[in-house]
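Input: a single structure, listed below in structure tokens.
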Amino acid sequence: MKQIKLLNALPEVFVQREDICSDVWLKDLCFERGSHYLIEAASGVGKSSLCSFIYGNRGDYRGEILFDDKDISRFSEREWITLRNSNLSMLFQDLRLFSELTAMENVRLKNDLTHFKGSASIVALFEELSIADKMDIPVAKLSFGQQQRVAFIRSLCQPYNFIFLDEPISHLDSANSAIIADIVMREATEQGASIIATSIGQSLSLPYDYTLKL
Amino acid sequence: MNLLWKLLREHISLSQLVGFFVSNLIGTVIILLTIQVYADIRPIFKSGDSFLGDNYIIVSKRVTAVGTLLGGDLSFSGDEIEELEEADFTTSVGSFTSSKFGAYISLRMPDTGQGISSDIFFESVPNEYIDVKSRKWRFDAEDGRIPIIMPRNYLNLYNFGFSQSQGLPAVSEGIISKINLDVYLSGNGHNDKFKANIIGFSDRLNTILAPEEFMTWANSRYSDEPASPPTRLVLAVNNPTDEAIVKLFDERGYVVENNKLDDGKIAYFMRMVIYAVLSIGLFISALSLYILMLSIFLLLEKNSKKLENLTLIGYSVAQISRPYRRLTSMINLSIFALAMVVVYILRHIYIGIINTLYPEAVLPSMLTTLLVGGALVAVIIIFNNFIILRKVKSIRR
């Protein structure tokens, strides 16, 4: 997948609004593979909606969203499953971890599908993010910041052309934020992928090609 | 342990599953046992007479002393036949045709040379009422071989009466079927010899039955008398226990031959009981399956957030639903296997009773039950899989 295009897109809930002033909504916008994007947003302007639309779990928008010129509203379940396992990776703002599984099990649940990373490289990522001692602890018992790092590792366990990071460092200190930035840059470069990060304040420090206001 | 299973087994209600297991086991045992019992006792009621179906009855007029003295007519008139044809309980009526020529039969034992001979008669009914393979039940004048069906009573009369008193050997049905009988037919200036074969014995046909085409041919060759009205009729009826039959027959003074109607009645009642019990079994099974589906649906609803998240990290509906489909399939297969064991044990008990009452009965195997049960469980598993897949599809985002 090389391009994600938004053509005059707008969440249904904003249809009545007349004060839309955005680089994304109601514009023709193209995310190109290989470039990195930062989407800055205030609360309530549809940041998570944008991620959900592009990831296919919501369809309540006007306009068109195209992947390589194909309208995503017509994709079948099978096509979405393929995309989510080999083209699109998502670090959800609400993480979507399984609280009864351990940190490692949460990561393995994804990696069992893709077989993308070996056990050693997964453990290495836990170590790099300073949560190696938390691998076998149920996620429910971890802090949100620790859970955020577990979800981040999970998002790396697949091939992708675009990786979406929805507020990836909202609960992390600057040291851990820097580690995440390093890792995601390294991994995305390896895959020739785009990073699209969102932020409502503190943003992931990366060499972005474009910064967009939502 | 499989991570997906670890995740999805949460909220599984053991008590609901046990409830389903027990109730469905009861339902399945009832269904399979009913099928097995039916398969086991059916041959007892059908034994020995496959020439005439359960729904055929043979009707004649009652012979009374007054009738005999006054020379009463025992034949059925056209109006009477028409009345029977038009009765609601009748599906069709066939007439017996009697021979109008002289017939003489001679039987000689191959080993001893001893034999018996007698004047006989023949009767025929339309071929559609006789359930014999057409190859055997055919007459060709050039071939000169007449297939006949004998009343079983005749053989018993010979074996237990005549042969004992004359020092002749008793013969089995198998042996006598292989013996060639010489039949001499005469009348209308013709005199011919034929070979005859007994192709079977009947408990219900109290006559010497020959094929319809033989009777037509022989009556025209050896007799110039016009066809006389039949004295016996064979009736195909929907339900031999229909009260309307008894009522009409009483009014008209008709009798059902051999009172073999009872066998038909027993077979009919047996079928009714079997259907009733089978329906109860099916009802219990269907109800328990409904409980299982409700239980699984409840489970899916409780786990709906997980199902949604699994879809978002890339699991397909087929993958997510697999643990549940596997669970229900395993439960259903276990129930089927256990039900077969229970039926096997119960059969062991009742088979002793059957053997005591009917020592000569040859009981069938459990294959039919196994096949029917197997087909049933396959249908249930396919149905369960389909429903679960559809439900998961409706829950995921």
Any chance you could get the radius of gyration and Dmax over the Cα atoms of chain B, in Å? 31.4, 100
Along the charge dipole of chain A, pointing to its positive end and built from +1/-1 on Cβ of Lys, Arg, Asp and Glu, which listed residue (A:ALA103, A:SER174, A:VAL15) has its Cα farthest out? A:ALA103
With a bin width of 10 angstrom, please list the P(r) values of region B:287-397 as percents of all Cα-Cα pairs, from the 0 bin to the one holding the largest distance. 12, 33, 22, 15, 10, 6, 2
What is the calculated FRET efficiency for B:LYS302 to B:LEU338, with r their C-beta to C-beta distance and R₀ = 25 Å, to the nearest 0.05? 0.30
Please report, in cubic angstrom per residue, the volume enclosed by the convex hull of the alpha-carbon atoms of the protein assembly as shown. 281
Ordering B:192-204, A:18-30 by per-residue average of other C-beta atoms within 10 angstrom, highest first, gives B:192-204, A:18-30
What Rg and what Dmax come out for region A:76-214 when only alpha-carbon atoms are used, in angstroms? 14.3, 41
Spin-label point model (7 Å from Cα, Cβ direction): what's the B:ILE349 to B:ASN55 distance in nm? 3.6
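Between B:ARG145 and B:PHE269, what FRET efficiency follows from the Cβ-Cβ distance if R0 is 41 Å, with the result rounded to 0.05? Kindly include the intermediate steps, with their values, before the conclusion.
On the way: r = 41 Å, r/R0 = 1.01.
According to the calculation, E is roughly 0.50.
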For the pair A:LYS70/B:ASN156, report the inter-label distance in nm, with labels modelled 7 Å from Cα in the Cβ direction. 8.1
Using a 1.4 angstrom probe on heavy atoms only, work out the carbon and sulfur share of the accessible area of the protein assembly as shown in %. 56
From the residues B:VAL379, B:ALA103, B:SER177, which one has its Cα farthest along the dipole of chain B in the positive direction, the dipole being from +1 and -1 charges on Cβ of Lys/Arg and Asp/Glu about the Cα centre? B:VAL379
Work out the length of the dipole vector of region A:1-56 about its Cα centre, built from +1 on the beta-carbon of each Lys and Arg and -1 on the beta-carbon of each Asp and Glu, and round it to the nearest 20 debye. 260
10 Å beta-carbon shell around B:HIS11, net charge (K/R +1, D/E -1): +1
Counting only other chains, what is the mean number of Cβ atoms within 10 angstrom of the Cβ of each residue in peptide B:314-320? 5
Partner shielding of A:89-98, taken as the mean number of other chain Cβ atoms within 10 Å, equals 3
Please go through the residue pairs A:LYS134/B:LYS302; A:LYS2/B:LYS305; A:LYS47/B:LYS6; A:LYS110/A:LYS134 and name each one whose alpha carbons sit more than 24 Å apart in this structure. A:LYS134/B:LYS302; A:LYS2/B:LYS305; A:LYS47/B:LYS6
Quick one, could you list the DSSP H helices from chain B stretching 18 Å or more along their long axis (Cα atoms) with average Kyte-Doolittle hydropathy of 0.5 or above? B:14-46, B:261-302, B:317-357, B:367-395
If I model a spin label as a point 7 Å beyond the Cα along the Cα-Cβ vector, how far apart are those points for A:SER143 and B:TYR358 in nm? 8.2
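Leaving out ligands and nucleic acids, note down the accessible area per residue over region A:22-166 with a 1.4 angstrom probe, in whole Å². All intermediate terms of the calculation are to be shown ahead of the outcome.
Values: 5610 Å² over 145 residues.
Value for region A:22-166: 39 Å² per residue.
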Out of all Cα-Cα pairs in region B:117-223, roughly what percent, to the nearest whole number, are more than 18 Å apart? 51
For region B:188-203, just list the computed ³J(HN,Hα) in residue order, Karplus coefficients 6.51, -1.76 and 1.60, θ = phi - 60°, integers in Hz, with x standing in for Gly and Pro. 6, x, 10, 8, 10, 10, 10, 9, 10, 10, 7, 9, x, 10, 10, 7
Binned Cα-Cα distance frequencies in region B:324-381 - 10 Å width, integer %: 21, 40, 24, 12, 4
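The values are calculated or read from the model by the stated rules, or taken from the named source; none is laboratory data. Values in this document were obtained by computation on a predicted structure and should not be read as measured data. Don't worry about glycine lacking a Cβ; one is built from the backbone with ideal geometry, like all the others, and counts go over all protein chains shown. For the accessible areas, the whole protein counts, side chains as well, though only heavy atoms, and no ligand, DNA or RNA atoms are used. Shrake-Rupley method; radii C 1.70, N 1.55, O 1.52, S 1.80 Å.
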